[in-house]
Amino acid sequence: MSLFASNPWLAVAVPFVVAVVIAMLGRKAAGATQWIAVLAPLTAGLVGVAGLQGSVTPVSAPWLAQGSASIDVGVTVDGLSAIMLVVVGVVATMVVVFSVGYMAHDESKARYFSLLALFTAAMSLLVMSTSLVTLFVGWELVGACSYLLIGFWYRKPSAASAAVKAFLTTRVGDVGMLLGLALLWKSTGSLDIAAITAAAPGLAAGTATLAALLLFMGAAGKSAQFPLHIWLPDAMEGPTPVSALIHAATMVAAGVFLIARMWPLFEVSETARAVVLWIGVFTAIFAATIACVQSDIKKVLAYSTISQLGFMFAALGAGAWGAAMFHLVTHAAFKALLFLGSGSVIHGTGTQDIRQMGGLARRMPVTTVTWVVGVAALAGIPPLAGFFSKDAVLAGVFHAAPAAGVVLLGASLLTAFYAFRVTRVAFFGESRAENPAHESPLSMTGPLVALALLALVLGFLGGAILHALGLEAEGLETAVAGASVLVAVLGIGAGMVLYAAEFARADALRVRFQQLHDFVLTGWGFDALVQRVIVGPASTIAGWVYRVIDRAVIDGGVEGIGMGTRFLGKVASGLQSGETDVYASLVAVGFIVLMGIVLWAGR
């Protein structure tokens, strides 16, 4: 471990080199290089383990200077970044191994594994940076990797469209984040994270609030919080292992990490924390309602991810940033498990529609058992990991804002409901599939078992996680835990009962509340609203600018000059008759005109 302790930059360099090597060797060597890809997350994870032992040597170097101010670039591994590196390392390793089976027949898998390694490098840079400048570089690189992987099957129009939507939506938040960096530079004269957090208590209240809210814009975009959540459900167009790594466990958690990293700044502003709290609470309940009616197994998990990230932001807003990070770690394990489980289901059934599944427990026993562990952890059933971390979040929120805690309890009930609704419909009952399902190969089931074990035991490591963050562990609050388990049991019961007996009860409810069902199914109509209010007018304006300004004015002017030149050339070409007397006459006329100009100018 001494190698990784003294050279933390290896967490960035090795994945980057692996990405380049895989890309250069190309398709013909993909069978070998797909295993080389494992080196990228393993290196990041080992640097994280060295960081948890407190033995990593920070590395920094000067980069830019302006007058007396300078920007240094460097990496360090404290408790917070070490935890993130371990999460990235473990989840990405499982995803790479899983992808060997899942992407076995894809012709572009060399590009796929190269992008996974590049993402690992970018995410490592993000979490290890000592400066907001290099953090922002990593931030944008993970966004670029997300764009490329969502649109991995770019010949599919829906995938290409989803990639563009994700890229543009997250850029909205990133503009706010960039403005926040500019404000912090102006206010503190530095973009070094340690310098800014040290100076945060001395900032004017308005400046601290504005800077925190601008950083939160970037966090909300990356972590798909309302109203910048609309990109994440469409991001499911990418390969399912990508959804597990980037859009469930790591990149989408970067917003939570950013606020935790800049916590002293948010601690100064009560207003900023209140905004974070209520945006998180609303997102948690809003996304949970939508997940309850989805029939695409990946869309259910996508809205579930948005909802669970809302829980984390609510904890941050309540001041319980340690609980938010604890839930980030456990959620990474069980949500990656569920996404990879859905990938196994899709691989075994050939469909993402849970209405075309049923009876998978008999055909896919390993996938079923690990899936049940994942949904139980998501629902918060003791003693699984989600029970401990979610209750820590609820306790923190109840202390800060009891009303917000009640709303999150409602979101917890819906979480248990949609989790076991999918379980009942897809894994039990009679099969509704056209073709019999089959269990996935060992390269896919192995990671499922490993992640299921983590979902079983991570909850007991809450004290160690908080200790690594420099915080004191708090005991389980019996009242909150009891209420949480009660609503989870009610949600599970509702999901299992409503979707028993060929879903007769659920169908009756859907018919009775058809308009409400359709409204929630479309994401409360928010996508349509954005299309009508923003995308439609923007497209109209862009079309007018293209037709009038670009084509008529700019292109017309340039093309007009060319056409005029050609016309004059055509007229002048008529003077080239080859007759010497005509040429002599023209020379004489030219001489007379020139002399006239000279005499007129010299008066």
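The values are calculated or read from the model by the stated rules, or taken from the named source; none is laboratory data. It should be emphasised that the depicted structure is a prediction, and the values quoted were computed from it without experimental measurement. Quick reminder, even Gly has a Cβ in these numbers, built from the backbone with ideal geometry, and neighbours come from all protein chains shown. Heads up: the accessible areas ignore ligands, DNA and RNA and are worked out on the full protein's heavy atoms, side chains in. Shrake-Rupley method; radii C 1.70, N 1.55, O 1.52, S 1.80 Å.
Below are the figures for this structure:
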read-out	value
Neighbourhood net charge (15 Å Cβ-Cβ; Lys/Arg +1, Asp/Glu -1) for Val18	+2
Highest-first arrangement of 82-94, 430-442, 489-501, where packing means the average Cβ count within 10 Å	82-94, 489-501, 430-442
Relative contact order (%) - criterion: Cα under 8 Å, at least six apart; region: region 269-318	57
Additional length obtainable on full extension of the chain from Ser295 to Ala500, 0.36 nm per residue less Cα span	72.2 nm
Kirkwood hydrodynamic radius over Cα pairs of the chain, then Stokes diffusion coefficient at 10 °C and 1.306 mPa s, in µm²/s	61
Distance between modelled label sites at Trp9 and Ala508, nm, 7 Å Cα→Cβ extension	6.9
Solvent-accessible area of Tyr154 with every protein chain in place, 1.4 Å probe, in Å² to the nearest 10	120
Accessible area per residue, Å², region 1-129 with all protein chains present, probe 1.4 Å	41
Relative contact order of the chain, pairs being alpha-carbon contacts under 8 Å that are 6 or more residues apart, as %	11
Sites Val587 and Arg355, calculated FRET efficiency, Cβ-Cβ separation with R0 56 Å, nearest 0.05	0.05
For region 522-590: accessible area per residue (Å², 1.4 Å)	77
Residues with amide H under 5 Å from that of Val73, placed H, sequence gap 5 or more	Ala61, Trp63
Region 459-567, accessible surface, carbon-and-sulfur percent (1.4 angstrom probe)	70
Within straight-line cross-link reach of Lys156, lysines at Cα separation under 17 Å, skipping those fewer than 8 residues along the same chain	Lys109, Lys165
Whole-Å distance, taken between Cα centres, linking region 453-528 and region 68-131	29
Global size of region 2-128 as Cα Rg and Dmax, reported in angstrom	16.0, 57
Per-pair calculated FRET efficiency, R0 = 45 Å: Arg547 and Trp63 via Cβ, rounded to 0.05	0.50
With 10 Å bins from 0: P(r) over region 86-164, alpha-carbon pairs, percent	18, 43, 31, 7, 0
Protection proxy ranking, peptides 315-326, 472-483, 222-233, average beta carbon neighbours within 10 Å, highest first	315-326, 222-233, 472-483
Region 439-506 - Rg over Rh from alpha carbon coordinates, Kirkwood radius	1.16
Accessible surface, 1.4 Å probe, highest first, among residues Ser187, Ser243	Ser187, Ser243
3J(HN,Hα) from dihedral phi, region 157-170, Karplus parametrisation 6.51/-1.76/1.60, rounded to Hz, x for glycine, proline	x, 5, 5, 4, 5, 5, 5, 5, 4, 5, 4, 5, 5, 5
Net charge of Cβ neighbours under 11 Å - reference Arg362; Lys, Arg +1; Asp, Glu -1	-1
At R0 = 35 Å, FRET efficiency that the Cβ-Cβ distance of Phe519 and Glu474 yields, to 0.05	0.30
Apportionment of accessible area to carbon and sulfur, region 19-78, percent (1.4 Å)	64
For region 458-541: rounded, prolate or oblate by the Cα gyration tensor [a/c cutoff 1.5]	oblate
